[in-house]
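Working notes, beginning with the structure itself.
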Amino acid sequence: MAMSPASPVRVSPAREDPVVAGASQLIGGPPGEHAAVPDRRGWLTPLRVLMAMVIVAGVLGYTQKISCRDTRNWTHEHQYTALCYSDIVALYSQEGLVDGKIPYLDYPTEYPPLIGATMQLVAWPAGLANGPRAVYREENGERVFDHYTMDMRSAVFYDLTALLFLIVASVAVCCTALAAGSRRIWDAALFALAPTLVLHLLTNWDIIAVAFAAGGLLAWSRRAPKLAGMLIGLGILTKLYPALFLLGLAFLCLRAGRLRELARTVCAAAVTVLVVIVPLWLTAGYFNAENARVGDSIWSTFWRGGDWIRLVGGGPDGARNAIARFFDLNSDRGADWDSLAFGATWLAGRYDPAWFGALHLVVSALTAVVLVAVAAAAIHHRPDARRLVIAAAAAGWVTIVVALPMILQGLRNNGLPISTLNIITGAALLVSVVAIGLLTWLAPRRPRLPQVLFLLVVAFLLTNKVFSPQYTIWLLPLAALARPRWRLFLLWQVCEAWVLFTRFMHFIYNDTQGRHGIDRGWFVGAVALRDLVLLVLAGFVVREILHPHTDIVRTGGMAYPGDPRVAVGSAAVGDPDAVDDPAGGVLDHAPDVRGGRPAWVTAAATGEPAGGPGAGSADGAGSGGA
């Protein structure tokens with residue numbers, strides 16, 4: 001029997017998320033459908049509870065790394081055995097901050113400008129503290145050196161940075177909670193309580209970029225495209241990955257016809273980047289390959305009447321502007337420890353990749369299993385494309401089985417030159433981005449913005465030649481918004497912790513010439529497992545894009561056409577006030593304008609039942625179904 005839009009089939013809250021449902025039993029279970037829940041607005045609001053969670057995570061992170069606060073402990077692999085290594089302590093001296101050097105002006109730091117500015121901002125008060133002092137003792141009437149006192153400059157630098165990061169992390173979680181919408185504000189708890197936030201909040205300065213990116217996403221959700229562009233631009237000036245947000249917005253705005261808002265955001269981001277980069281480029285010094293300053297800035301040379309035009313193309317004896325040196329250092333960087341390229345290089349050198357060898361057979365079998373699973377899912381979604389899917393899967397298997405031994409053999413014989421590595425990683429990222437763009441364009445219903453952004457950042461991390469452990473916190477707010485489910489999220493977090501542990505144990509193995517620690521195979525295996533779990537998590541996001549009724553954010557406990565939880569023959573539709581894309585801003589409840597498939601328009605936009613015309617009939621699922 002068909003049901004009216006005013007009588008949607010409602011799924012019990014206990015069936016939305018088994019973990020949440022199980023926990024709710026401790027306080028009597030979830031309220032029933034007809035329960036009258038009083039409006040009790042006390043001091044303990046959800047946002048304040050989330051802030052308390054962040055504070056707990058920050059304190060745990062500070063405590064976990066506190067032994068590395070004292071630079072005297074950085075001996076006998078203590079920073080690895082205690083799992084307390086932090087770039088904040090290490091780079092305070094390596095970047096010359098302890099000696100009063102200013103990033104970009106006196107030293108070509110490897111980080112983008114706003115990280116250099118943050119370093120300098122904290123280094124000024126830290127430099128007022130006492131440095132290490134030699135302590136002597138009397139022995140046989142002679143004055144003998146005993147030990148050095150603690151370097152309070154480094155400790156204060158670490159403490160102030162930790163305080164700053166705690167504030168920044170709170171802002172990032174707050175922005176994520178508000179972008180999730182009032183109905184799903186608790187989804188931000190995945191971010192606030194993430195184990196990797198504890199492990200990596202004080203590993204590097206990445207949380208600043210995460211906060212800018214989360215702020216940009218919140219501004220976009222509040223339909224403030226210019227502010228969103230400014231915050232994304234500041235994120236790009238901290239870490240480059242927020243540039244992917246502009247790409248994700250472009251995919252979705254093209255489908256929804258919101259090009260004006262997209263243009264405003266992109267222009268605001270570009271202007272923000274230029275306003276910071278150009279003055280810094282004019283005032284930055286010129287440095288040689290040994291990071292020694294060999295030339296003054298363009299600005300100072302201009303005011304002295306020197307040949308400033310020559311500096312635009314490069315400094316004396318091949319020296320480079322500090323801004324250009326930042327890009328040079330990153331383009332000349334080889335495959336980092338946690339990257340797939342590093343693992344592939346080790347694998348090719350450790351095992352013979354020849355055809356029908358052990359490695360070849362294992363890779364062939366694993367490839368077959370993955371392709372069969374993907375093909376089965378594709379055929380289930382599009383039975384009419386069965387032959388095309390089978391042909392594509394077979395072609396992919398043959399390509400990998402034939403090409404992979406040749407690639408690994410080349411790595412075994414010739415290594416992996418950095419120029420070749422840059423081309424391979426760039427091509428892999430391009431292919432991934434094109435695939436995500438096609439998915440966004442062809443999905444039966446326009447994906448939510450966090451889903452697309454999550455897939456883009458995962459693609460960037462897995463194809464990049466550098467995947468530092470702290471990069472994982474880039475994904476935390478996006479994972480909380482794209483797929484707020486705990487089980488797979490926690491499995492991914494456990495894998496990240498395992499990667500960090502095996503990484504440090506392998507560093508001990510290297511430093512002690514194999515006397516302690518673990519072999520590289522354990523570490524590469526941990527990285528492969530983490531990458532596999534990330535792919536599975538991305539696969540579930542893709543599944544929810546292709547089957548919107550499985551997306552817990554959009555359903556919110558409501559059954560949509562095509563939902564298997566609805567009895568056969570039922571034509572229940574969603575609530576007219578159903579959630580579409582809380583973080584989407586102008587994309588939220590916006591109709592599709594691209595051709596080729598029926599457009600999806602919400603009831604709020606047209607007054608028709610959700611799912612478009614025909615959604616109320618038993619056989620008219622429209623484009624809102626699976």
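Got at least one residue in the range 294-304 being at pLDDT below 90, among the aliphatic types (A, V, I, L, M) and either open to solvent by 30 Å² or more (accessible area, probe 1.4 Å) or in contact with a Pro (Cβ under 6 Å, 6 or more places away or on another chain) (or both)? Checking the range 294-304: at least one residue is at pLDDT below 90, among the aliphatic types (A, V, I, L, M) and either open to solvent by 30 Å² or more (accessible area, probe 1.4 Å) or in contact with a Pro (Cβ under 6 Å, 6 or more places away or on another chain) (or both). For the range 233-250, a residue qualifies if it is over 14 Å from the mean Cα position of the chain (by Cα), of a type outside the set (Gly, Ala, Ser) and closer than 16 Å to residue 271 by Cβ, and the qualifying residues are 234, 237, 246. Restricting attention to the range 62-87, which residues are hydroxyl-bearing (Ser, Thr, Tyr), surrounded by 17 or more Cβ atoms within 10 Å (Cβ to Cβ), within 29 Å of the chain's Cα centre (by Cα) and in a helix (DSSP H, G or I)? Passing the criteria: 62, 80.
Summed over the range 379-389, the residues that are open to solvent by 100 Å² or more (accessible area, probe 1.4 Å) and assigned to a helix (DSSP H, G or I) give a count of 5.
Quick check, is residue 287 touching a strand residue (DSSP E or B) at 6+ places or on another chain (Cβ under 7 Å), of a type in the set (Phe, Trp, Tyr) and open to solvent by less than 50 Å² (accessible area, probe 1.4 Å)? So residue 287 passes the test.
Quick one: which residue in 376, 392, 335 is at pLDDT 80 or above, at negative phi, surrounded by 14 or more Cβ atoms within 10 Å (Cβ to Cβ) and assigned to a helix (DSSP H, G or I)? Working first, answer last.
Numbers: 376 fails: surrounded by 14 or more Cβ atoms within 10 Å (Cβ to Cβ); 335 fails: assigned to a helix (DSSP H, G or I).
Among 376, 392, 335, only 392 is at pLDDT 80 or above, at negative phi, surrounded by 14 or more Cβ atoms within 10 Å (Cβ to Cβ) and assigned to a helix (DSSP H, G or I).
The residue list 443, 480, 526, 428 contains one member that is open to solvent by 10 Å² or more (accessible area, probe 1.4 Å), touching a residue at least 24 places away in the same chain (Cβ under 8 Å) and among the small types (Gly, Ala, Ser), which is 428. Restricting 282, 274, 329 to those that are under 32 Å from the mean Cα position of the chain (by Cα), part of a helix (DSSP H, G or I) and surrounded by fewer than 15 Cβ atoms within 10 Å (Cβ to Cβ) reduces the list to 274. Kindly establish whether residue 163 is closer than 21 Å to residue 58 by Cα, exposed (fewer than 15 other Cβ atoms within 10 Å of the Cβ) and under 34 Å from the mean Cα position of the chain (by Cα). Yes: the conditions hold for residue 163.
Any idea which of 110, 138 is surrounded by fewer than 22 Cβ atoms within 10 Å (Cβ to Cβ) and part of a strand (DSSP E or B)? It would help to see each step written out before you state the result.
Numbers: 110 fails: part of a strand (DSSP E or B).
Matching residue, one of 110, 138: 138.
Looking across the range 485-499, the residues that are in a helix (DSSP H, G or I) and among the charged types (D, E, K, R) come down to 487, 496.
Residues in the range 90-106 that are crowded, with 22+ Cβ neighbours inside 10 Å and not charged (D, E, K, R) were compared, and the one that is farthest from residue 294 (Cα to Cα) is 92. Here the condition is being at pLDDT below 95, within 29 Å of residue 171 (Cα to Cα) and assigned to a helix (DSSP H, G or I); of 438, 535, 453, it holds for 535 alone.
If you go through the range 167-202 and keep only what is modelled with pLDDT of 95 or more, open to solvent by less than 30 Å² (accessible area, probe 1.4 Å) and not hydrophobic (A, V, I, L, M, F, W, C), you end up with 170, 176, 196, 200. Applying the criterion of being outside any helix (DSSP H, G or I) and open to solvent by less than 30 Å² (accessible area, probe 1.4 Å) to the residues of the range 338-364, the residue that is modelled with the highest pLDDT is 338. Beta carbons closer than 8 Å, at least 6 apart along the sequence or on distinct chains, pair a first residue in the range 406-420 that is surrounded by 14 or more Cβ atoms within 10 Å (Cβ to Cβ) and in a helix (DSSP H, G or I) with a second that is modelled with pLDDT under 75 and of a type in the set (A, V, I, L, M, F, W, C) for 408/359; 409/354.
The values are calculated or read from the model by the stated rules, or taken from the named source; none is laboratory data. What you are looking at is a predicted structure, and each value in this text was computed from that prediction instead of being measured. With ideal geometry, Cβ positions are generated from the backbone for all residues, glycine too; neighbour counts draw on all protein chains shown. Protein only, heavy atoms only, side chains kept; ligands, DNA and RNA dropped before computing areas. Shrake-Rupley method; radii C 1.70, N 1.55, O 1.52, S 1.80 Å.
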